[in-house]
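A short write-up of the structure that comes next.
The values are calculated or read from the model by the stated rules, or taken from the named source; none is laboratory data. The shown structure was predicted, so the numbers you read here are calculated from the model rather than taken from an experiment. Please note: Cβ atoms are built from the backbone with ideal geometry, for glycine as well, and neighbour counts cover all protein chains shown.
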Amino acid sequence: MRHRSDNLQPVDAHVGRQIRLRRRMLGLAQEDLAKSVGVAFQQLQKYETAANRVSASRLWDIARALRVPVTYFFDGYSKTAEPSPDPWETMLADREAMELLQYCCAMPEKYRRQVFDLANALTSLTPRNSGN
């Protein structure tokens, strides 16, 4: 059995982050995704944290459950580039931002544009460094 510190490859961590990002974008709990691909939620946690590598067949199952092509999990990965903080991952870690994104995705397009315009207007009125 492989432990997290043994042979951790950057691509494994990237794939795990992509799984977590897409799962959160869809509003799925780890338990829900794990059940849909036939693993325990603890196993899914290990995939997301790169404690365990995801096999090709399991990645295929996860891609189907998350409604993305398998290539999605490798998007943005470069073995030669230093990993940079992912703004999506940072945003999706914020529960309110995640809920706002889900609400926007659920509303009709004509209202989504109005919400976007309102958010844009409010942002321009708020000082950048106010913390509020």
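Which condition number does Tyr47 fail, the rest of (1) at pLDDT 95 or above; (2) surrounded by fewer than 19 Cβ atoms within 10 Å (Cβ to Cβ) being met?
Of the numbered conditions (1) at pLDDT 95 or above; (2) surrounded by fewer than 19 Cβ atoms within 10 Å (Cβ to Cβ), the odd one out for Tyr47 is (2).
Condition first: of a type outside the set (A, V, I, L, M), under 23 Å from Gln9 (Cβ atoms) and either modelled with pLDDT of 90 or more or over 17 Å from the mean Cα position of the chain (by Cα) (or both). Can you find one or more residues in the stretch 116-128 that meet it?
No, the stretch 116-128 contains no residue that is of a type outside the set (A, V, I, L, M), under 23 Å from Gln9 (Cβ atoms) and either modelled with pLDDT of 90 or more or over 17 Å from the mean Cα position of the chain (by Cα) (or both).
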